[in-house]
Amino acid sequence: MIKGFNGKILLIDLFNKTFKEKLLSEDKIIKFLGGRGLAAEYYRQLIGKDIDPLSDENKLIFMTGILTGLLVPSSAKISCATKSPETGHYLCSNVGGFFGANLKKAGYDGLIISGKSKNPVCLIIIDSKIIFKDVDNYWGLIVSEFEKEIKKSVNVKNLSVASIGPAAEQGVVFSSIQVEGRSFGRAGAGAVMASKNLKGIVIKGTKKIPIANENNIKEKIKVLIKESYESKKDMNCYGTLQTLELINHFGFLPTKNFQEGTFKDASMIDAHKMKKEFFVKNRGCYNCAIKCEQDCEVKKGKYKGTIVDPDYETVALLGSNCEINNFATILKANKLCDEYSMDTISTGCVIGLVMELFERKIINKDDTEGIELNFGNDDALIEIIHKIAYRKGIGELLSKGIKAIIHKIPQARKYALHVKGLPFPGYDPRGIPSMGLAYGTSSRGACHNVGGYTISDELSSEKNNRFAFENKGKLVKEVQDVRAYLDSTGVCTQVRKVLGFTNNPQDVILKDITGYDFNSTLMEIGSRIYSLERMILVREGITREDDYLPPRMEEPLGGKGASAGHAITKKNYDLMLDEYYREREWDENGIPTIECLSNLKINRP
């Protein structure tokens, strides 16, 4: 067996309260590495095209990466795959923290959860000891309260907890699974977990994971840890929120539900404001030297005492997108989403949408129960988050996601920002069209991670024309393929260059850990994963038409920023999409060809 793995997956049957172990073949590791790749492979095998996301037949598939939980810097990531209640299609997500490392050290490379418990339970894994704990009295607790109570109940030090809050229990389609202040955030994995009556998963692992050349890499690891910190001092200082000032400068910061690309009050919600008035301390994931998370505290006012770690996407979607310029309000909104277990991106997008509908008088105070749902209304933002979590009033409609809003209010289609039912993250593609192509072709709907983060490539040189439409297909494919194999290694994107994980891989540690030379196949593995995910989507009914951007993208971007006046017409988008399909060896409808499947060694369905 290739080193770095245990060679076992834990299978859980919640209905019967049973478990068994399944051997993991070396062939699967060679083809998919682990993490996201393995999760997609098991999804294809286990989750049929007609399964309802909230039915007993859906599954939660968690897979560690080949480097998760090892000595490698920032080797914390674990991937989750399930069918999304928000989009109705394939969902892939990942999270850092200590959850993945503990699962790996408990002796398991993956965890597949099936069925539905008759009553609320918590799954407890202490090394190879498996316990199904009844938690009827914990159902309804917010995330932090559940974590506190379950840790007290289990009484084992250094537990990792993945859990859900009231929003997931209520079936909010964009509810998340919260993991130590982090999230399996997008597309509703939390609602799937709640539909199984699974309140939490608690893990502690102490076993040693086999490594090929442990004695030879200790000094190398020390160097890599130092280099990872030196290369990302800015992330240690400001976290991902440092991006807000840059994106606002280039004019594609989502503002007023993506009507404009610059926010006049950006300095009131940026990283400098955060650091000066709210920062408390840094936190990091397993074996991370960067510690990019910025714990912040509201120190005065009505939200005094709120402590949370905001990231760029959260501040952009709950802040500028809703024209909220009060950083304390954004922190409170962030904290509520975490406690209720709701994705902050989708939450900010649906609220931004209904704010625009309210201002355009498409909905009124009768629809909002008297709430003045204007842009910039701090109190309205907080109140609507409560209503979404408990599906009260207008929150009942919003809790069903952006597709349900469009179905209920047809005029909303013109103003709704999503692809395949997943709302836009924090970058307006009219200011950087390659991100539009990334959103359109992302395996889970509009996404800057799975879809590909092209911004660094586009802005790294003045020679690049970020507004151009030519040659974007190849760029997006390469960025997506790197992310796909990276998500399968289990390491964080912040250290990928230090570890040599780029579009021209120069492995510095993977062979030492595994004993196998993956270097020449990493980009192929990334491409294999992406085309496998596309085959899943095709099976679920996705076509070229589903890869298009929403109507607003054909309108010139408003405001006076550096991207104002730019648009993405269907003609220009087709130019990018056709090139992308050719680069992937997919046909004109976005279906992987026989040649593609053969070249990537993907079994035909």
*Residues (in contact with a strand residue (DSSP E or B) (Cβ under 8 Å, 6 or more places away or on another chain) and either over 28 Å from Lys400 (Cβ atoms) or free of Cβ contacts under 8 Å to residues at least 60 places away in the same chain (or both)) located in the stretch 53-75*: Lys59, Ile61, Phe62, Met63, Thr64, Gly65, Thr68
*asked:* Between a residue in the stretch 152-173 that is at positive phi and any residue that is assigned to a loop (DSSP other than H, G, I, E, B) and at pLDDT 95 or above, which pairs come within a Cβ distance under 8 Å, given they are 6 or more apart or on different chains?
replied: Asn158/Phe98; Gly171/Leu54; Gly171/Pro85; Gly171/Arg391; Gly171/Ser399
*Do we have Ala81 as not acidic (Asp, Glu) and not in a strand (DSSP E or B) here?*
no
*Determine whether the stretch 275-294 contains at least one residue that is among the aliphatic types (A, V, I, L, M), under 30 Å from Met553 (Cβ atoms) and not in a helix (DSSP H, G or I).*
no
*Selection status of Glu313, farther than 30 Å from Asp234 by Cα, out of contact with any strand residue (DSSP E or B) (no Cβ under 9 Å at 6 or more places or on another chain), touching a residue at least 24 places away in the same chain (Cβ under 8 Å) and assigned to a helix (DSSP H, G or I)*: no
*Look at Ile513 and say whether it is surrounded by 16 or more Cβ atoms within 10 Å (Cβ to Cβ) and over 23 Å from Lys474 (Cα atoms).*
yes
*Any residue in the stretch 402-410 that is surrounded by 24 or more Cβ atoms within 10 Å (Cβ to Cβ) and of a type outside the set (Phe, Trp, Tyr)?*
yes
*Which numbered condition trips up Lys264, out of (1) without any contact (Cβ under 8 Å) to a residue 40 or more places away in the chain; (2) charged (D, E, K, R); (3) touching a strand residue (DSSP E or B) at 6+ places or on another chain (Cβ under 8 Å)?*
(3)
*Could you tell me whether Gly200 is assigned to a strand (DSSP E or B) and either more than 15 Å from the chain's Cα centre (by Cα) or within 21 Å of Leu91 (Cα to Cα) (or both)?*
yes
*Members of the stretch 490-513 found to be touching a helix residue (DSSP H, G or I) at 6+ places or on another chain (Cβ under 9 Å), within 18 Å of Ala76 (Cβ to Cβ) and β-branched (Val, Ile, Thr), listed by number*: Thr493, Val495, Val498, Ile509, Ile513
_On the basis of being in contact with a strand residue (DSSP E or B) (Cβ under 9 Å, 6 or more places away or on another chain), of a type in the set (Ser, Thr, Tyr), in contact (Cβ under 8 Å) with a residue 24 or more places away in the chain and farther than 23 Å from Thr521 by Cβ, does Thr82 make the cut?_
yes
*Asn589 passes all but one of (1) farther than 26 Å from Gln45 by Cα; (2) assigned to a loop (DSSP other than H, G, I, E, B); (3) touching a Ser or Thr at 6+ places or on another chain (Cβ under 8 Å); (4) at pLDDT 95 or above; which number fails?*
(1)
*Would you check if there is a residue in the stretch 520-530 being of a type outside the set (Asp, Glu), under 20 Å from Ile602 (Cα atoms) and over 23 Å from the mean Cα position of the chain (by Cα)?*
yes
*asked:* I'd like the full set of residues that are in contact with a strand residue (DSSP E or B) (Cβ under 6 Å, 6 or more places away or on another chain) and not in a loop (DSSP other than H, G, I, E, B), limited to the stretch 553-586.
replied: Gly558, Trp586
*Considering only residues of the stretch 1-56 that are hydroxyl-bearing (Ser, Thr, Tyr) and within 30 Å of Lys118 (Cα to Cα), which is nearest to the chain's Cα centre (by Cα)?*
Tyr43
_Close pairs from the stretch 482-503: first touching a residue at least 60 places away in the same chain (Cβ under 8 Å), partner among the acidic types (Asp, Glu) and surrounded by fewer than 24 Cβ atoms within 10 Å (Cβ to Cβ), Cβ under 6 Å, at least 6 apart_ = Val498/Glu227
_Among the residues that make up the stretch 45-65, is at least one of them more than 13 Å from Gly110 (Cβ to Cβ) and touching a Pro at 6+ places or on another chain (Cβ under 8 Å)?_
yes
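Conditions tested, residue by residue: (1) surrounded by fewer than 24 Cβ atoms within 10 Å (Cβ to Cβ); (2) closer than 25 Å to Thr569 by Cα.
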{"residue": "Leu459", "(1), (2)": "yes, yes"}
{"residue": "Val476", "(1), (2)": "no, yes"}
{"residue": "Val482", "(1), (2)": "yes, no"}
{"residue": "Tyr485", "(1), (2)": "no, no"}
{"residue": "Cys492", "(1), (2)": "no, no"}
_Any chance Asn471 is touching a residue at least 12 places away in the same chain (Cβ under 8 Å) and surrounded by fewer than 24 Cβ atoms within 10 Å (Cβ to Cβ)_ = yes
*Tell me, which residue of the stretch 341-369 that is at pLDDT 95 or above and in a loop (DSSP other than H, G, I, E, B) is surrounded by the fewest Cβ atoms within 10 Å (Cβ to Cβ)?*
Lys361
*If you check every pair at least six apart or on different chains, which have Cβ atoms under 6 Å apart with a residue in the stretch 384-407 that is hydroxyl-bearing (Ser, Thr, Tyr) first and a residue that is crowded, with 23+ Cβ neighbours inside 10 Å and assigned to a loop (DSSP other than H, G, I, E, B) second?*
Ser399/Val172
*Residues being among the charged types (D, E, K, R), part of a loop (DSSP other than H, G, I, E, B) and out of contact with any Ser or Thr (no Cβ under 7 Å at 6 or more places or on another chain): count how many of those fall in the stretch 370-391.*
1
*asked:* Condition first: aromatic (Phe, Trp, Tyr), outside any helix (DSSP H, G or I) and closer than 12 Å to Asp428 by Cα. Now tell me which residues in the stretch 238-269 satisfy that.
replied: Phe252, Phe258
*asked:* Go through (1) surrounded by fewer than 18 Cβ atoms within 10 Å (Cβ to Cβ); (2) not charged (D, E, K, R); (3) not in a loop (DSSP other than H, G, I, E, B) for Pro210 and report which single condition fails.
replied: (3)
*For Leu437, work out the one condition from (1) farther than 23 Å from His249 by Cα; (2) surrounded by 19 or more Cβ atoms within 10 Å (Cβ to Cβ); (3) in contact (Cβ under 8 Å) with a residue 40 or more places away in the chain it doesn't fulfil.*
(1)
*Looking at (1) surrounded by fewer than 13 Cβ atoms within 10 Å (Cβ to Cβ); (2) closer than 18 Å to Ile536 by Cβ; (3) modelled with pLDDT of 95 or more, can you tell me which one Arg584 breaks?*
(1)
*Scan (1) farther than 15 Å from Pro73 by Cα; (2) surrounded by fewer than 18 Cβ atoms within 10 Å (Cβ to Cβ); (3) among the polar types (S, T, N, Q); (4) in contact (Cβ under 8 Å) with a residue 12 or more places away in the chain for the single condition Ser231 breaks and write down its number.*
(1)
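The values are calculated or read from the model by the stated rules, or taken from the named source; none is laboratory data. Just so it is clear, the model here is predicted, and its values are computed rather than measured. A quick note on method: Cβ atoms are made from the backbone with ideal geometry, for glycine too, and the neighbour counts reach across all protein chains shown.
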